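> Before we start, here is the structure in question, set down as structure tokens.
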Amino acid sequence: MNQLDVNKLRASEFYQHMVRVIVPRPIAWVSTRSSAGVDNLAPFSYFTGVGSRPPTLLFCPANRRDGSPKDTLSNIDETGEFVVNVVTDELAASMNTTAAEIEADESEFELAGIEMAECELVNVSRVQRAPVQIECRLRDWIRVGEGPGGANIVLGDVLLLHIDPTVTNPEGFVEPELLDAVGRMGGLSYCRTRERFDLPRPN
């Protein structure tokens, strides 16, 4: 069994191990709006739900290579609002386009030609074609690391779910095969969620 001591590897090298081990990872396609009114959209694959009482989620934007916060984090720090849009197979290429680093006064919505819709409870645009959009308000921002690649945790309170009825069952719950979400693997790889299996819970 190989043993990797975090203190003996470069951070960038250990990152490559982490993203190949923690798989598959759901993708938070996070939209924000700066205080100047610029709409931002970027994907993050360190993302999960926290709990349902209260409904909360988290995602983890790392710092840029120069150690500065990414636009997503800066915008949330300014406004306290964001939206998590669910990435489907159909939207994967557009999502990948928004991963490009562009100037803060430019919009990834425009870069990727993505249609926007306004939210109900937060002053943020959401991805019109995403079948699920989650309006959130900042609960806490935890700075875990400093400098280039430094980790941050953004905790958000879920305020409102937008769910396209075409991805729900008769009871109103999302069906995985209808949602057709994608996940992140290591390197440049992604996965589709079309192969599933059930395991009965033990008594």
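> From (1) of a type in the set (G, A, S); (2) surrounded by 16 or more Cβ atoms within 10 Å (Cβ to Cβ); (3) within 22 Å of C191 (Cβ to Cβ), pick out the condition that doesn't hold for G49.
With respect to (1) of a type in the set (G, A, S); (2) surrounded by 16 or more Cβ atoms within 10 Å (Cβ to Cβ); (3) within 22 Å of C191 (Cβ to Cβ), G49 is out only on (2).
> Then there is this: Being without any contact (Cβ under 8 Å) to a residue 24 or more places away in the chain, surrounded by fewer than 17 Cβ atoms within 10 Å (Cβ to Cβ) and farther than 23 Å from R194 by Cβ is the requirement here; does E78 meet it?
It is false that E78 is without any contact (Cβ under 8 Å) to a residue 24 or more places away in the chain, surrounded by fewer than 17 Cβ atoms within 10 Å (Cβ to Cβ) and farther than 23 Å from R194 by Cβ.
Residue-wise test of (1) out of contact with any helix residue (DSSP H, G or I) (no Cβ under 9 Å at 6 or more places or on another chain); (2) closer than 23 Å to G147 by Cα.
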site	(1), (2)
F14	no, yes
V30	no, yes
S52	yes, no
C60	yes, yes
R65	yes, yes
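> Provide a single number: the residues in region 182-194 that are surrounded by 10 or more Cβ atoms within 10 Å (Cβ to Cβ) and in contact with a helix residue (DSSP H, G or I) (Cβ under 8 Å, 6 or more places away or on another chain).
8
> Can you pull out the residues in region 134-171 that are under 16 Å from the mean Cα position of the chain (by Cα) and among the hydrophobic types (A, V, I, L, M, F, W, C)?
Matches in region 134-171: I134, C136, L138, W141, A151, I153, V154, L155, V158, L161.
Computed from the coordinates by the stated procedures, all read-outs in this text should not be read as laboratory data. Fair warning: this is a prediction, and the values are worked out from it, not measured in the lab. Positions of Cβ are backbone-derived with ideal geometry, glycine not excepted, and every protein chain shown enters the neighbour counts.
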